[in-house]
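If you scroll down you'll find the structure; I have some questions about it.
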């Protein structure tokens, strides 16, 4: 029986993914073997660029263990709520450490308890996903009190910190001088750009990895051919999250239809089912999608330019076109 989580079982790496994992392991090892200076890493990327998969990989390499002395949790990960407070963060960490009465106590009591438990549970690294929530877009203000609290937790708990989120997390770090001094250069998880030969090759390599696994169960056009690679690029905007969403739907449909052969029209159907309509800019205008047989699969500037808008929020406008030169720095990636 073909598992419905077949796509999730495939972990295809690429240079930014490997760099994120490598840099995180450096921080973890440093603290684990006695390093006392703060070691912090920022993982930045648009939505659906694979940040969560990086975090999953870190957690997989450092699983929770049960010993006679209690639980050992070398890496502790939480998702920052939309309007974080010291209380909410402390309680989230305590829940992750399986504390039953996590809601009891004052803010200072919760903080003291957390610092003590970090040592008792062998925590060497904290991971905060959605770290950009420290920045309030409505007021354009950083939650300084919460950021200061986190800085103290990292210092007093002698732990490393991995902060993951959108570009605005840089504002949180930049506006807190002491926190900024604990971070090195960020790792940027990019959307891939077809116009950049190196990124195009990586994109096709990722598709080749999925092709190898899925071909054990299905018969379909080569995912890593230039034509299919370009179709997938324009459909997903070079975003890994949209790629896996589409491939997952393709697998589900094939399983439900009890068929091994997958045709181009099956890709088109799955794509229309998998991607939210506002991000299917072509379909929302009544035009053909990249998996339609009538669509021009020859690389062209119009299609490449349109792909850069996939995944952007409603009303979001890019102020410049990257043209044939893809962005290679964090500033270029996020300039809009």
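The values are calculated or read from the model by the stated rules, or taken from the named source; none is laboratory data. If you're wondering where the values come from, they're calculated on a predicted model, not measured in any experiment. Cβ sites come from the backbone with ideal geometry, for glycine too, and all protein chains shown count toward neighbours.
If you go through segment 45-56 one residue at a time, do you hit one that is free of Cβ contacts under 8 Å to residues at least 40 places away in the same chain and assigned by TED's automatic domain parsing to the domain that holds residue 130? Even if it seems obvious, please write down each step before you answer.
Applying the first criterion (free of Cβ contacts under 8 Å to residues at least 40 places away in the same chain) to segment 45-56 yields 56.
Filter once more, so that each one left must be assigned by TED's automatic domain parsing to the domain that holds residue 130: 56.
Within segment 45-56, one or more residues are free of Cβ contacts under 8 Å to residues at least 40 places away in the same chain and assigned by TED's automatic domain parsing to the domain that holds residue 130.
Here is a follow-up. With (1) assigned to a loop (DSSP other than H, G, I, E, B); (2) at pLDDT below 90; (3) in contact with a helix residue (DSSP H, G or I) (Cβ under 8 Å, 6 or more places away or on another chain) as the list, and residue 290 as the residue in question, which single condition is left unmet?
(2)
So, one more: Would you pick out the residues in segment 210-256 that are in a helix (DSSP H, G or I), surrounded by fewer than 19 Cβ atoms within 10 Å (Cβ to Cβ) and touching a helix residue (DSSP H, G or I) at 6+ places or on another chain (Cβ under 6 Å)?
Selection gives 253 alone.
Could you say which residue among 280, 269 is modelled with pLDDT of 90 or more and surrounded by fewer than 20 Cβ atoms within 10 Å (Cβ to Cβ)?
Of 280, 269, the one residue that is modelled with pLDDT of 90 or more and surrounded by fewer than 20 Cβ atoms within 10 Å (Cβ to Cβ) is 269.
Counting residues that are closer than 30 Å to residue 312 by Cβ, which strands (runs of 3 or more DSSP E) fully inside segment 38-87 reach at least 1?
Strands (runs of 3 or more DSSP E) meeting the threshold: 40-45, 75-79.
Could you say which residue among 100, 79, 106 is in contact with a strand residue (DSSP E or B) (Cβ under 7 Å, 6 or more places away or on another chain) and surrounded by fewer than 19 Cβ atoms within 10 Å (Cβ to Cβ)? Please lay out each step first, then the result.
On the way: 100 fails: in contact with a strand residue (DSSP E or B) (Cβ under 7 Å, 6 or more places away or on another chain); 106 fails: in contact with a strand residue (DSSP E or B) (Cβ under 7 Å, 6 or more places away or on another chain).
79 is the lone residue from the list that is in contact with a strand residue (DSSP E or B) (Cβ under 7 Å, 6 or more places away or on another chain) and surrounded by fewer than 19 Cβ atoms within 10 Å (Cβ to Cβ).
So which residues in segment 165-194 are buried (at least 22 other Cβ atoms within 10 Å of the Cβ), part of a loop (DSSP other than H, G, I, E, B) and modelled with pLDDT under 90?
The answer is 190, and nothing else.
If you take the residues of segment 132-164 that are touching a strand residue (DSSP E or B) at 6+ places or on another chain (Cβ under 7 Å) and farther than 15 Å from residue 86 by Cβ, which of them is modelled with the lowest pLDDT?
This residue is 135.
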